[in-house]
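These notes concern the structure reproduced below.
The values are calculated or read from the model by the stated rules, or taken from the named source; none is laboratory data. Note that the coordinates shown come from a computational prediction; the quantities given were computed from them, not determined experimentally. Methodologically, a virtual Cβ is constructed for each residue, glycine included, from the backbone with ideal geometry; neighbour enumeration extends over all protein chains shown.
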Amino acid sequence: MVSKRLQEVPASGTIAISNLVSQMKAEGVDIVSFSMGEPDFTTPENIIDACCDSLHAGFTHYTPSTGIPELREAVAEMENRVDGVPCKASNVLITPTKQAIFMIALAYIDPGDEVILMDPTWVSYEACIRLAGGVPVYVSAKYEDEFVVDPAMIEAAVTPRTKMIILNTPSNPTGTVMPREVLKQIADIAIANDIMVLSDEIYEAIIYEGKHTSIASFPGMFDRTLLVSGLSKTYAMTGWRLGWAVASEENIKAINKLQSHSISCCVSFVQKAAVEAIRGPQDAKNAMVAEFRKRRDLALDLISEIPQLECNVPKGAFYVFPKYSMDMSSAKLAEVLLKEGHVAVTPGIAFGPGGEGFFRVSYATSEGQIREGFDRIKKTLANL
């Protein structure tokens with residue numbers, strides 16, 4: 001019998017759509033898929049070479065559960081240099097980013113604890129909170145404000161049971177980059193109320209306007225921030241399953257206790273490749289970000305030609321989150337687009353109550369697929 005806590009967790013909205021797309025493609029249906037947040041590029045050659053070299057050198061055994069020292073040092077140096085986060089190697093745990101979020105939920109959330117989430121936000125935060133016995137508390141980020149949350153609404157949501165605030169900047173699904181001044185106000189709220197912050201910064205290198213700020217860089221925030229990031233989005237390494245958590249030594253020890261009892265350690269030769277990703281040439285990464293920007297601009301141009309849609313300009317990540325005018329649930333609209341238009345999008349409701357009336361498009365695909373997909377969306381909506 002499946003546990004009650006698992007029964008309360010909905011299936012991942014993004015994975016569910018992706019699985020359906022795979023099934024339809026296997027049946028011979030021509031689908032344009034905008035459903036998965038996965039770069040269509042190949043991992044840069046220097047990273048692949050570093051992985052192969054470590055394999056041929058026999059680097060195929062267990063590593064320390066916290067990760068190889070060379071990689072922990074590389075991550076700490078990068079977080080210091082790029083984001084001004086005051087960390088050293090002992091503040092880094094090498095782990096898949098999604099695994100890090102799951103372990104943090106188990107390590108810090110007790111039954112009945114409240115966790116404040118921006119709405120809309122990434123699909124799996126709520127699942128992790130509920131599996132730990134916590135209570136998700138959604139704070140609305142409005143379309144009219146470009147999905148930048150009002151810190152006053154976060155403050156109003158704080159209760160004696162509030163344990164954590166979860167931030168994701170740049171945001172999945174909206175592409176919002178939270179301004180520095182907003183993050184500073186959230187940091188002040190966290191300090192004043194003794195609240196921890198989980199800061200998911202997986203898209204931090206994919207920014208088109210403005211600058212990424214890590215909340216962990218503010219005075220008084222490092223010891224109460226659990227920063228997670230990784231390589232999947234930046235270096236087209238989604239299948240490599242490698243990232244990290246950055247936190248105080250005490251918090252790293254707590255999270256690593258779970259890691260040592262679960263995956264033990266990350267794949268040894270992948271860790272060697274990660275060192276090369278961080279310390280090696282960045283030309284391929286920069287070229288990918290430039291291409292994502294071109295694709296974003298193309299997607300926005302095509303959306304502007306569809307009367308039933310309007311959209312904010314996302315400043316980071318690789319998603320657009322258009323608002324639609326039809327009187328229809330986002331789940332139903334996604335179903336219609338898939339079955340009648342043969343184009344896959346993710347319904348906004350998958351990202352929280354505030355996502356209703358929207359759908360997410362990942363433009364991490366070719367220009368040809370973007371044009372074809374939006375042409376199908378335009379024709380399908382015209383017939384509704």
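Quick one: would you say Leu298 is in contact with an Asp or Glu (Cβ under 9 Å, 6 or more places away or on another chain) and not assigned by TED's automatic domain parsing to the domain that holds Leu71?
Yes.
Residue by residue, here is whether (1) part of a helix (DSSP H, G or I); (2) among the charged types (D, E, K, R) holds:
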residue	(1), (2)
Met328	no, no
Leu333	yes, no
Leu338	yes, no
Ile349	yes, no
Ile370	yes, no
Gly373	yes, no
Lys379	yes, yes
Leu384	no, no
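Which pairs do you get when a residue that is without any contact (Cβ under 8 Å) to a residue 40 or more places away in the chain, found in the range 364-384, comes within reach of a residue that is among the small types (Gly, Ala, Ser), reach meaning Cβ atoms under 8 angstrom, with the pair 6+ apart or on two chains?
Close Cβ pairs satisfying both conditions: Lys379/Gly341.
Matching residues to (1) among the hydrophobic types (A, V, I, L, M, F, W, C); (2) assigned by TED's automatic domain parsing to the domain that holds Glu38; (3) buried (at least 16 other Cβ atoms within 10 Å of the Cβ):
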{"site": "Thr346", "(1), (2), (3)": "no, yes, yes"}
{"site": "Ala350", "(1), (2), (3)": "yes, yes, yes"}
{"site": "Phe358", "(1), (2), (3)": "yes, yes, yes"}
{"site": "Gly368", "(1), (2), (3)": "no, yes, no"}
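What number of residues within the range 323-336 satisfy the criterion of being in contact with a Leu (Cβ under 8 Å, 6 or more places away or on another chain) and touching a residue at least 24 places away in the same chain (Cβ under 8 Å)? Can you show your working first?
Taking the range 323-336 first, the residues in contact with a Leu (Cβ under 8 Å, 6 or more places away or on another chain) are 323-326, 328, 336.
Filter once more, so that each one left must be touching a residue at least 24 places away in the same chain (Cβ under 8 Å): 323-324, 326, 328, 336.
Going through the range 323-336 one residue at a time, the tally reaches 5.
Take Gly348 and tell me if it is at positive phi and touching a strand residue (DSSP E or B) at 6+ places or on another chain (Cβ under 6 Å). Lay out the reasoning, then the answer.
On the way: at positive phi: no; touching a strand residue (DSSP E or B) at 6+ places or on another chain (Cβ under 6 Å): yes.
Judged against the criteria, Gly348 is not a match.
Pull up the range 22-49, narrow it to residues that are of a type in the set (A, V, I, L, M, F, W, C) and part of a helix (DSSP H, G or I), then point me to the one that is nearest to Ala299 (Cα to Cα). Steps first, please.
Taking the range 22-49 and keeping what is of a type in the set (A, V, I, L, M, F, W, C), we get 24, 26, 29, 31-32, 34, 36, 41, 47-48.
Narrowing the set further to residues that are part of a helix (DSSP H, G or I) leaves 24, 26, 47-48.
On the way: Met24: 24, Ala26: 27, Ile47: 30, Ile48: 31 Å.
The extreme case among them is Met24.
Give the residues of the range 124-139 that are in contact (Cβ under 8 Å) with a residue 40 or more places away in the chain and in a helix (DSSP H, G or I), sorted by residue number.
In the first step, residues of the range 124-139 are kept if they are in contact (Cβ under 8 Å) with a residue 40 or more places away in the chain; the result is 124-127, 130-131, 133, 138.
Matches in the range 124-139: Ser124, Tyr125, Glu126, Ala127, Arg130, Leu131.
Collect the residues in the range 192-228 that are small (Gly, Ala, Ser) and over 17 Å from Ala105 (Cβ atoms), keeping them in residue-number order. Spell out how you get there, then give the answer.
Going through the range 192-228, the residues small (Gly, Ala, Ser) turn out to be 192, 199, 205, 210, 214, 216-217, 220.
Once the filter is applied, which keeps residues that are small (Gly, Ala, Ser) and over 17 Å from Ala105 (Cβ atoms), the range 192-228 yields Ala192, Ala205, Gly210, Ser214, Ala216, Ser217, Gly220.
Does Lys323 satisfy being touching a Phe, Trp or Tyr at 6+ places or on another chain (Cβ under 7 Å), over 30 Å from Pro64 (Cα atoms), surrounded by fewer than 23 Cβ atoms within 10 Å (Cβ to Cβ) and charged (D, E, K, R)?
It is true that Lys323 is touching a Phe, Trp or Tyr at 6+ places or on another chain (Cβ under 7 Å), over 30 Å from Pro64 (Cα atoms), surrounded by fewer than 23 Cβ atoms within 10 Å (Cβ to Cβ) and charged (D, E, K, R).
When only residues in the range 236-263 that are closer than 22 Å to Phe41 by Cβ and touching a residue at least 60 places away in the same chain (Cβ under 8 Å) count, which is surrounded by the most Cβ atoms within 10 Å (Cβ to Cβ)? I'd like the intermediate steps shown before the answer.
In the first step, residues of the range 236-263 are kept if they are closer than 22 Å to Phe41 by Cβ; the result is 236-244.
Filter once more, so that each one left must be touching a residue at least 60 places away in the same chain (Cβ under 8 Å): 236-238, 240-244.
On the way: Ala236: 21, Met237: 23, Thr238: 16, Trp240: 22, Arg241: 18, Leu242: 24, Gly243: 25, Trp244: 28.
Restricting to residues being closer than 22 Å to Phe41 by Cβ and touching a residue at least 60 places away in the same chain (Cβ under 8 Å), the top hit is Trp244.
Is there a residue in the range 94-104 that is under 18 Å from Glu201 (Cβ atoms), at pLDDT 95 or above, in a loop (DSSP other than H, G, I, E, B) and of a type in the set (S, T, N, Q)?
Within the range 94-104, not a single residue is under 18 Å from Glu201 (Cβ atoms), at pLDDT 95 or above, in a loop (DSSP other than H, G, I, E, B) and of a type in the set (S, T, N, Q).
Any idea which residue in the range 57-97 is surrounded by the fewest Cβ atoms within 10 Å (Cβ to Cβ), counting only those that are in contact with a strand residue (DSSP E or B) (Cβ under 9 Å, 6 or more places away or on another chain) and of a type in the set (D, E, K, R)?
Among those residues, the one meeting the criterion is Glu73.
Would you please list the contacts, defined by Cβ atoms under 6 Å and residues six or more apart or on different chains, that run from a residue in the range 94-105 that is more than 13 Å from Leu226 (Cβ to Cβ) and in the same structural domain as Ala76 (by TED's automatic domain parsing) to a residue that is assigned to a helix (DSSP H, G or I) and at pLDDT 95 or above?
Once the first residue is more than 13 Å from Leu226 (Cβ to Cβ) and in the same structural domain as Ala76 (by TED's automatic domain parsing) and sits in the range 94-105, its partners that are assigned to a helix (DSSP H, G or I) and at pLDDT 95 or above give Ile94/Leu71.
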